[in-house]
Amino acid sequence: MKPQTFNTVSQTTFPSAEHMMEKFMKTQEYIALEEKHGAHNYHPLDIVIQRAEGVWVYDVEGNRYLDFLSAYSAVSQGHCHPRIYQALVEQAKKCTLTSRAFRNDQLALFYKELTTLCELDMALPMNSGAEAVETAIKTARKWGYERKMVPDNQAEIIVCEGNFHGRTTTVISFSTDPEYKKHFGPLTPGFVFVKYGDVAALEKAITPNTVAFLVEPIQAEGGVLIPPAGYLAKATEICRKNNVLLMFDEIQTGLGRTGKMFAYQHETGAKPDILILGKALSGGFYPVSAIVARREALEVFQPGHHGSTFGGNPLACAIAREALRVIIDENLVQRSAEMGNYFQEKLRRIKSKHIKDVRGRGLLIGLELWPQAGGARRFCEALKEEKLLCKETHDHVIRFAPPLVITREELDWAFERVKKIMESMS
């Protein structure tokens, strides 16, 4: 029997009236449709992006903007990177999804390349960053019960005040932001809070039931907060001494964003047992996340204990493999360090009564404003009018995180607009 083929030209089709109308729709029409038919769980700037390339995006009316957010670091390699696009196309022609019911020829290679890069033993792929965090939590708890012999249902995971690890029910249960949790209960128990950057508080919080410490090397969503020097190395020492898994959430900070491949590498002696990755792992083409861990941690999983239909699919793996190669081949880690230092130095020279602090590592930079500045949102809206796109976080901080492929000339272009707005707004 001949294999089935799909005849794509046997029937003439014509564009619908709705499709034809799209060619003539304006920004406010798209916004009205979105507000009417979509849940209002975001507060985006009022720009409707139609296409993107490198560090630039274009709206439906043809205006060009410099992207200074990178989809929260998901497009660190730049929008629509041609190499990652080609990897997507080539794999999409062959096989996109097998589920984990069968093996595919991309997953094993992805495992090998990712674990080698991370200097860890095993990996477990998922889709979104929040799924990866959930996977890390399940791993830590199962390890605690089966290896550390914590009594059933008594496992504790230590987390930091001001954290942001995602939006699932379990993850918001250990947020300290009331807005994230209100009316979403009952919440998941089993989490203990400590002050971010306080090693004494961490050590004091550990009990015989503590199975893990989950921490962001830099609290990006929290306002680009950098812990005191030596904090991550000391946390590593404390966790090793107490037989506690150290889990670094590098979904936003990993893969070159901070001027190191991973943000924890800014400290000698810091080393995770579980590393949580996402966002730039796919260069913005497809949801790909993973946890990468020591063998002892991930060996607790047996068939049926955890999974995802799409996690580890061949299309995702092919895209992620090329996304990682782009970071290495184009020296984006070093580029992030150099361009980040350059831009931070320029920002510190701005004379503005609104600026309280400039901080960051690599191309993850926070511009903190004084409370009397009237909030960061209005400055982001003003920068949008100057064709520079960035986003506020925690009311008083503007986060700058452009694609790592950005040039010095493009940073200069952005700086002139930031300087103008910061010095001119009342």
Out of region 363-399, which residues are of a type in the set (Lys, Arg) and within 11 Å of residue 418 (Cα to Cα)?
384, 387
Residue by residue through region 180-235, note down the ones that are among the polar types (S, T, N, Q), free of Cβ contacts under 8 Å to residues at least 60 places away in the same chain and either surrounded by fewer than 19 Cβ atoms within 10 Å (Cβ to Cβ) or touching a Ser or Thr at 6+ places or on another chain (Cβ under 7 Å) (or both).
188, 207
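Okay, residues lined up against (1) under 30 Å from residue 78 (Cα atoms); (2) assigned to a loop (DSSP other than H, G, I, E, B):
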{"site": "171", "(1), (2)": "yes, no"}
{"site": "187", "(1), (2)": "no, yes"}
{"site": "207", "(1), (2)": "no, yes"}
{"site": "238", "(1), (2)": "no, no"}
{"site": "258", "(1), (2)": "yes, yes"}
{"site": "276", "(1), (2)": "yes, no"}
Scan region 93-112 for residues that are within 19 Å of residue 323 (Cβ to Cβ), surrounded by 14 or more Cβ atoms within 10 Å (Cβ to Cβ) and out of contact with any helix residue (DSSP H, G or I) (no Cβ under 6 Å at 6 or more places or on another chain) and jot them down.
111
Going through region 360-383 one residue at a time, which ones are in contact with a helix residue (DSSP H, G or I) (Cβ under 8 Å, 6 or more places away or on another chain), part of a strand (DSSP E or B) and farther than 16 Å from residue 260 by Cα?
367, 369
Tally of residues being free of Cβ contacts under 8 Å to residues at least 60 places away in the same chain and assigned to a helix (DSSP H, G or I) across region 102-131:
5
In region 35-48, the residues that are surrounded by fewer than 14 Cβ atoms within 10 Å (Cβ to Cβ) and either in contact (Cβ under 8 Å) with a residue 12 or more places away in the chain or farther than 25 Å from residue 404 by Cβ (or both):
35, 36, 37, 38, 39, 40, 41, 43, 46
Let me confirm something: among 290, 297, 270, which residue is in contact with a strand residue (DSSP E or B) (Cβ under 9 Å, 6 or more places away or on another chain), of a type in the set (A, V, I, L, M, F, W, C) and in a strand (DSSP E or B)?
290
Would you confirm whether or not region 325-342 contains a residue that is among the aromatic types (Phe, Trp, Tyr) and either farther than 30 Å from residue 398 by Cα or buried (at least 20 other Cβ atoms within 10 Å of the Cβ) (or both)?
no
Which residue, of 328, 319, is over 18 Å from the mean Cα position of the chain (by Cα), β-branched (Val, Ile, Thr) and in a helix (DSSP H, G or I)?
328
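Throughout, read-outs are computed from the coordinates displayed, never taken from laboratory work. What you see is a predicted model, and the numbers here were worked out from it, not measured in a lab. Glycine gets a Cβ as well: all are built from the backbone with ideal geometry, and neighbour counts include every protein chain shown.
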